[in-house]
Amino acid sequence: MFKRVPGTKDILPEEVSAWQEIEHTSRNVFSLYNYRQIRPPVIEDAGLFSRSLGEFTEVVQKQMFLIKREDETYALRPEGTAPIVRAYIENNLDKTAGFIKLYYIGPMFRAERPQKGRLRQFHHIGCEVIGSVDPDIDVEVISLAHTLLTCYGISGYSIKLNSLGCSHDKKELTSVLRKALQPKLAELCDECKARFDKNILRVLDCKNESCRKIVNALDFGHQHLCADCQAHFAKVRQGLDNLKVPYELNPHLVRGLDYYTRTVFEISHPGLGSQDALGAGGRYDNLVEELGGSPAGAIGFAFGVERLLLARGEVAAAGSLGLVYVIALGPQAKEYGIKLLAQLRTAGIPSDTDYENKSLKGAMRAANDLAARYAVIIGDDELKNNTVTLKDMRDSQQKVIKSEDLIKELKK
Ligand code: AMP
């Protein structure tokens, strides 16, 4: 028997409504903020990612699913930012739209070691704003993330905020770190020893106990920021304060990818265990130019949908749909039940019936299993009197009502 690939997941029918709810809420909130959806392909030229994320990042070095075909090497996309910037340039959106606000929803692929909240195929809901360096856009993007979480019904998360500065400042930060970490090099884990030369910022978010101790003892604040980046960061903080978006400053937050500049942020939730990041993002002011477009400031973030669902807890998704389950007993009642079902559906009321000729008891059990909100029972008496019995599945109260009043009653 074939099994699913490790780190992938079948999203089963009973889970799908929770996914759809998250997607639906996201679409509504994004349009409220005037973001439009973009749907790039899931495979891209592998070079796109090494060029933008950086040759020495973990994602590129260890986690890419590569597909070789003749002379080409493709990658299943590990993230959405680089493909969207590629699409922005390739479709001349820089020339036709200039400033643009986009969102996306879809699967991403990383060959990580699977564990709770960490998959090899997972899903991002994210956005990218391209064409502005205005700190007010950083404020909009971070407050949008905050609004989305509130609308998903998630609370108890924290937003960590930092500024890496421009590329010059990042070099400065790199050398500050190199100086500070040099005397401790022998105590770092093997991976961090390699990162020391190739991607030293990544040492700051190593999970290894002894690396953490060393990093926590470092005190480097924001002195690497130039005057412009200091001012930009101050405006971002002020804007968030004005909107009462809660955040914590964290100078250790660096994000591992090369393309990040200036504002970076990460949103974590204590209920998620070791994989506690719900989402993350930041500015990438040099990426558009680096990938061949005209210089354009940009910022974005992505949430991991699987983690949003974990943080939200098990939601009785089917129940929240308000399903009405029609139970018709006997062939004549059945014929009537099918007509009624069609009327309910035409009226926009999610509904279903028993197609297995179950007894009343069996059909009630099926209604329960489907987490139906109401059962509508039609037996001989109801048929004769043009009535139905409407049963509220939450409190088991039932009443007999005229058939013609059913839709009105349910729409209450
Ligand atoms: P990143 O691009 O790594 O910052 O990812 C953004 C968000 O996607 C993270 O904060 C997680 O919520 C989610 N995420 C990243 N990698 C995985 C993974 N392997 N499995 C599940 N979710 C992930």
Original post:
So what is the relative contact order of the stretch 327-380, in percent, for Cα pairs below 8 Å that sit 6 or more residues apart?
Top reply: 56 percent
Subject >> the chain - charge dipole about Cα centre, Lys and Arg +1 at Cβ, Asp and Glu -1, debye rounded to 20 >> reply: 600 debye
Original post:
Using the Karplus equation 6.51 cos²θ - 1.76 cosθ + 1.60 (θ = phi - 60°), what ³J(HN,Hα) coupling, rounded to whole Hz, does each residue of the stretch 200-205 give in order, writing x for Gly and Pro?
Top reply: 5, 4, 5, 4, 5, 10
Original post:
Label residue 398 and residue 115 with points 7 Å out from Cα along Cα→Cβ: what is the distance between them in nm?
Top reply: 5.1 nm
Original post:
How high is the relative contact order of the chain, in percent, counting Cα pairs under 8 Å that sit 6 or more residues apart?
Top reply: 15 percent
Original post:
Membrane-span-like helices in the chain: DSSP H runs reaching 18 Å or more (Cα, own axis), mean Kyte hydropathy at least 0.0?
Top reply: 135-152
Original post:
If you average the sequence gap of Cα pairs under 8 Å that are 6 or more apart and divide by the length of the stretch 274-404, what percent do you get for the contact order?
Top reply: 20 percent
Subject >> Along principal axes, Cα extents of the stretch 41-132, largest first, whole Å >> reply: 41, 35, 22
Subject >> Full-stretch length increase - residue 231, residue 389 - with 0.36 nm per residue and alpha-carbon distance subtracted >> reply: 50.1 nm
Subject >> Förster radius 35 Å - calculated FRET efficiency between residue 198 and residue 346 (Cβ-Cβ, nearest 0.05) >> reply: 0.05
Original post:
If you wrap a convex hull around the C-alpha atoms of the chain and split its volume per residue, what is the figure in Å³?
Top reply: 197 Å³
**OP:** Sort out for me the Cα centre separation of the stretch 34-113 from the stretch 134-154, rounded to whole Å.
**Re:** 23 Å
Subject >> Dmax and Rg, reported as Rg then Dmax, of the stretch 321-410 (C-alpha, Å) >> reply: 11.6, 31
Original post:
Want the number for residue 147 to residue 294: 0.36 nm per residue separation, take away the alpha-carbon distance, what's left?
Top reply: 49.8 nm
**OP:** Provide the FRET efficiency to the nearest 0.05 for the residue 407-residue 65 pair, computing r from the beta carbons and using R0 = 56 Å.
**Re:** 0.65
Original post:
Whose amide H sits under 5 Å from the amide H of residue 123, counting only residues 5 or more places off or on another chain, with H placed in the peptide plane?
Top reply: 108, 305, 306
Original post:
Classify the stretch 163-287: rounded, prolate or oblate, from the alpha-carbon gyration tensor (a ≥ b ≥ c, eigenvalue square roots; a/c under 1.5 rounded; otherwise prolate if a/b is larger than b/c)?
Top reply: oblate
**OP:** First measure r as the distance between the Cβ atoms of residue 158 and residue 355, then evaluate 1/(1 + (r/R0)^6) with R0 = 60 Å and state the FRET efficiency to the nearest 0.05.
**Re:** 0.75
Original post:
Which of the peptides 18-27, 195-204, 256-265 is most tightly packed, and how do the rest follow, going by the mean number of other Cβ atoms within 10 Å of each residue?
Top reply: 256-265, 195-204, 18-27
Original post:
Using the per-residue mean of other Cβ atoms lying within 10 Å as a proxy for protection, in what order, highest first, do the peptides 125-138, 163-176 fall?
Top reply: 125-138, 163-176
Original post:
What shape does the stretch 1-159 have by the C-alpha gyration tensor, where a ≥ b ≥ c are the square roots of the eigenvalues, rounded means a/c under 1.5, and otherwise prolate means a/b greater than b/c and oblate the rest?
Top reply: oblate
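Every number here is computed from the coordinates shown, using simple stated rules; none is lab data. Nothing here was measured: the structure is a model prediction, and the numbers come from that model. With ideal geometry, Cβ positions are generated from the backbone for all residues, glycine too; neighbour counts draw on all protein chains shown.
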